[in-house]
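The values are calculated or read from the model by the stated rules, or taken from the named source; none is laboratory data. The shown structure was predicted, so the numbers you read here are calculated from the model rather than taken from an experiment. Cβ coordinates were reconstructed from backbone atoms using ideal geometry, including for glycine residues, and neighbour counts include every protein chain displayed.
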Amino acid sequence: MSSEGSPPGAPESRDTASGPSDPRDAYFDVSALRRDMGRRIGNASILILGISMMKMVMLFAGIMITARLIPPSEYGIFALAMPTVAVALSLSNFGLPQAIVQRRHVTHIDATTLFWMNLAFAVLAALALAGCATLAGRIFDEPRVIPVYRVIAVSVVFAAVVGQYGAMMRRRLRIPQFEILILLGEAAGLAVAIVTALMGWSYWALVAQQIAAQAATMLLAVIITGWLPSGPHRARPRQVLDALSFGGYVAGQGILNKLIQYSGTAIAGAQLGPAATGLYTRAVRLGNLPPLRIMQPLSGTFVPALSRLQDDPEAMQKMFVRLISRANLILQPVAVIIAAGADPLVAILLGPTWMEAAPLLFWMSILTLRASANQGLRYAVLASGQSKPLFFNSLFRLALISLVVYVASDYGLEAMTAAYMLTELLITLPVAMLLAVRYTPITFNCILRASLGGMVFTVAVAAALIVFVNPWLSDLPALVHLAGLGVLTGLIFALRIALSPEMRQDVLGVLRRVAARLPGGGRAPE
């Protein structure tokens with residue numbers, strides 16, 4: 001590793017306020033990446049989807065093991081801490097890493113400045129999280145949550161550093177490499193969770209998992225990039241004032257989105273108790289796992305690619321449709337399986353003590369159904385530098401969903417979940433479409449081509465399987481039931497692809513790229 005923050009092979013140089021005179025600035029120069037952008041993004045997205053599949057397999061295995069070692073009431077203790085942890089994670093970087101991806105020009109001094117500012121925000125956020133411990137114990141009437149808050153705060157600092165290095169790698173379109181680092185870090189965290197759960201640590205095994213995963217990923221990122229910041233005395237805050245403005249809205253939006261995501265958890269904890277919180281949180285995690293493991297990694301290609309094309313509306317529209325359509329090839333069939341196979345999924349992944357989560361998981365399939373459109377629109381607005389409208393949209397979502405979830409909680413856990421999901425599908429998604437059309441080159445026609453038609457088809461397939469197929473399969477073993485739904489879903493979507501020339505061409509292109517990466521396959525066609 002080169003000293004004083006140089007990437008491998010970069011010569012040493014004094015830091016200066018003027019970026020171009022520092023040879024280390026070459027590490028952040030992405031001017032050459034616009035050439036062959038389509039091929040680069042295509043290859044990266046294929047690798048990312050493959051890595052995401054590996055992550056999902058690993059996480060499903062982890063869920064199957066930990067769910068049998070940690071019952072709902074114990075898992076609920078850990079779940080009660082997650083809303084505040086999520087907010088602290090958003091506060092910890094103040095949106096600054098995203099500025100590294102979105103800005104056209106970044107220097108070593110810019111990155112150094114953002115690193116130390118990022119770290120300062122992270123330490124403050126971790127201290128704030130630990131300071132909330134006693135208050136959280138009183139709100140939830142659960143003293144066991146107090147030490148959880150204080151210990152898990154350490155993970156916030158590690159996560160902030162991971163975010164900085166991840167932004168640097170995404171800027172250089174080294175997204176697959178970063179996703180591999182995350183995979184390895186999560187594998188380390190899962191190993192820690194399983195070992196400590198077997199030792200009887202209960203919910204503390206989940207706390208240890210959170211800390212170990214972030215720490216391992218941070219160390220790997222530092223080693224792989226070879227980049228270290230200059231000392232904090234070299235920072236030049238005035239050079240990144242625009243990043244503070246942009247990042248402030250990104251951070252605010254991130255905080256609001258986390259509050260939205262965990263509003264149900266917090267309300268369930270306050271209104272319905274730890275056991276209900278555990279059921280709800282497990283269902284949310286299962287329903288959100290496919291979009292999280294597919295759309296979040298793909299954001300590493302979405303945002304840099306769309307950012308590089310923000311001055312070319314036609315190219316940006318084509319790239320948007322291409323990226324969303326590719327994500328839908330996986331997400332829409334998965335949404336069908338989650339909706340139609342909620343019962344066998346819970347039986348297989350969580351076990352019989354968690355079967356009350358099955359109707360919740362059915363409604364959570366909407367998270368996967370809307371994921372590509374919702375997240376893709378968000379990434380397009382972000383890539384266009386319009387973080388302020390996203391912030392106010394998230395503020396609107398938080399107010400609306402918190403009200404809906406709170407009112408619906410009086411009618412039980414399933415009613416609360418259904419109200420939340422239907423609000424996201426029928427109200428907040430159309431608002432996101434209007435926002436993207438207003439602030440980006442994306443048009444309604446782009447959105448229709450990329451996602452809406454497929455969403456209608458997906459709902460129809462799920463409804464048909466639930467009404468006509470599940471009655472025949474429900475008495476079979478859960479694994480056979482789920483396998484039958486999987487085969488039918490695969491055949492239906494394969495037929496849809498075969499009948500659509502545009503989708504068929506895209507799938508064949510993906511397969512050619514995959515084949516080209518196999519031994520002896522040669523280079524993928526451009």
**OP:** Within region 166-203, work out how many residues are assigned to a helix (DSSP H, G or I), surrounded by fewer than 22 Cβ atoms within 10 Å (Cβ to Cβ) and aromatic (F, W, Y).
**Re:** 0
Original post:
L495 passes all but one of (1) out of contact with any Pro (no Cβ under 8 Å at 6 or more places or on another chain); (2) buried (at least 18 other Cβ atoms within 10 Å of the Cβ); (3) modelled with pLDDT of 90 or more; which number fails?
Top reply: (2)
**OP:** Hey, can you tell me all the residues within region 159-187 that are more than 12 Å from K55 (Cα to Cα) and among the hydrophobic types (A, V, I, L, M, F, W, C)?
**Re:** A159, A160, V161, V162, A167, M168, M169, L173, I175, F178
Original post:
Within region 157-176, can one find any residue that is in contact with a Phe, Trp or Tyr (Cβ under 8 Å, 6 or more places away or on another chain), hydroxyl-bearing (S, T, Y) and not assigned by TED's automatic domain parsing to the domain that holds R293?
Top reply: yes
Original post:
When V437 is evaluated against the numbered criteria (1) touching a residue at least 12 places away in the same chain (Cβ under 8 Å); (2) closer than 20 Å to G376 by Cβ, which criterion, by number, is the only one it fails?
Top reply: (1)
Original post:
Restricting to region 166-224, what's the tally of residues that are under 19 Å from the mean Cα position of the chain (by Cα) and among the β-branched types (V, I, T)?
Top reply: 5
Original post:
Between a first residue in region 465-483 that is on the phi > 0 side of the Ramachandran plot and a second residue that is of a type in the set (K, R), which pairs have beta carbons less than 9 Å apart while being 6 or more apart in sequence or on different chains?
Top reply: none
Original post:
With G247, G231 as the choices, which residue is more than 30 Å from G351 (Cβ to Cβ), outside the structural domain of E356 (by TED's automatic domain parsing) and modelled with pLDDT of 75 or more?
Top reply: G231
Original post:
Does region 149-160 include one or more residues that are part of a loop (DSSP other than H, G, I, E, B) and either out of contact with any helix residue (DSSP H, G or I) (no Cβ under 8 Å at 6 or more places or on another chain) or closer than 29 Å to W201 by Cβ (or both)?
Top reply: yes
Original post:
Going through region 110-143 one residue at a time, which ones are within 25 Å of A270 (Cβ to Cβ), in contact (Cβ under 8 Å) with a residue 24 or more places away in the chain and either in contact with a Leu (Cβ under 6 Å, 6 or more places away or on another chain) or surrounded by fewer than 18 Cβ atoms within 10 Å (Cβ to Cβ) (or both)?
Top reply: A125, L127, A128, I139, F140
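Results for (1) of a type in the set (D, E); (2) touching a His at 6+ places or on another chain (Cβ under 9 Å); (3) surrounded by 20 or more Cβ atoms within 10 Å (Cβ to Cβ), shown as yes or no for each residue.
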{"site": "T423", "(1), (2), (3)": "no, no, no"}
{"site": "L426", "(1), (2), (3)": "no, no, no"}
{"site": "C446", "(1), (2), (3)": "no, no, yes"}
{"site": "R449", "(1), (2), (3)": "no, no, no"}
{"site": "D475", "(1), (2), (3)": "yes, yes, no"}
{"site": "L485", "(1), (2), (3)": "no, no, yes"}
